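Below: one structure, written as structure tokens.
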Amino acid sequence: MISIIGGGIGGLTLALALAFEKLGVEYNLYERAETLTEVGAGIWIPPNALQVLQWIDQDLFDQIKEGGNVIDRIVLGDSKLKPISDTDQGFIKNIFGFSTIAIHRGKLQSILYEFANKEKIKLGKSSKYMTKNGLCLYLFDLKHLTMC
Ligand SMILES: Cc1cc2nc3c(=O)[nH]c(=O)nc-3n(C[C@H](O)[C@H](O)[C@H](O)COP(=O)(O)OP(=O)(O)OC[C@H]3O[C@@H](n4cnc5c(N)ncnc54)[C@H](O)[C@@H]3O)c2cc1C
């Protein structure tokens, strides 16, 4: 049994990969927040991460694509906005099948949560420490300490 600590975009993506029994591993995910609220800024999901998300579930991938913006061109500028590089992302799309998608982190997290197996996600559980052999995980919620 695997314990995933944290229901951010990393933890939820891992849980989804496991929950869909792609890897056939039992797990529980512990998130210290009582609810997952849509906080954060815009992030870019590069083609390698998009390949993973599509591998997990095509519908999940489609929702992320719908919820974000596909980036076809990236212009980087200096502090005076003078362009220092300008790349057409078409060649990336030709190699990987995707170009980068920009999406709000909170939006991405809520889409991942929507697809997750809620029975395995324990909100309001904060992991404090585990024994050296990793066999015993100590969890706290607002009132209780749970061991193992
Ligand atoms: C301004 C900004 C821009 C960024 N832009 C990009 C980008 O363009 N592309 C990109 O790939 N990345 C970007 N990143 C990085 C990306 O946001 C992080 O790498 C990503 O959010 C990390 O995911 P995570 O799940 O590991 O952590 P988080 O999303 O931080 O989630 C951690 C979760 O763990 C929970 N938690 C913490 N401690 C405990 C505990 N003891 N017990 C239980 N739960 C706990 C927290 O409540 C939280 O929900 C950016 C980051 C910032 C700040």
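Only the coordinates and a few stated rules stand behind these numbers; no lab work does. Given the structure is predicted, the values throughout are model-derived calculations rather than measurements. Ideal geometry is used to build each Cβ from the backbone, glycine not excepted, and the neighbour counts take in all protein chains shown.
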Checklist outcome for this item: the range 32-78, convex hull of Cα, quarter of hull surface, nm² -> 5.4 nm²
Item to check | Cβ-based exposure ranking for Lys93, Lys22, in which fewest neighbours within 10 Å come first | outcome: Lys22, Lys93
Checklist outcome for this item: The longest stretch of the chain containing none of the GluC sites (Glu not before Pro) that sit in a DSSP loop with at most 16 other Cβ atoms within 10 Å is 39-148
Next on the checklist: Suppose the Debye formula is applied to equal point scatterers at every Cα of the range 1-66; what is log10 I(q)/I(0) at q = 0.18, 0.20, 0.23, 0.26 Å⁻¹?
Outcome noted: -0.78, -0.94, -1.14, -1.25
Next on the checklist: Can you report the principal axis dimensions of the range 42-105 using only the alpha carbons, biggest first, rounded to whole angstrom?
Outcome noted: 41, 26, 15
Checklist entry - Which order results if Lys82, Lys125, Lys118, Lys65 are arranged by neighbouring Cβ count within 10 Å, fewest first? => result Lys82, Lys118, Lys65, Lys125
Checklist outcome for this item: Rounded to the nearest whole number, the Stokes-Einstein translational diffusion coefficient of the chain at 4 °C and 1.567 mPa s (Kirkwood radius, C-alpha pairs) in µm²/s is 75 µm²/s
Item to check | Virtual spin-label span in nm between Val52 and Arg73, 7 Å along Cα→Cβ | outcome: 3.1 nm
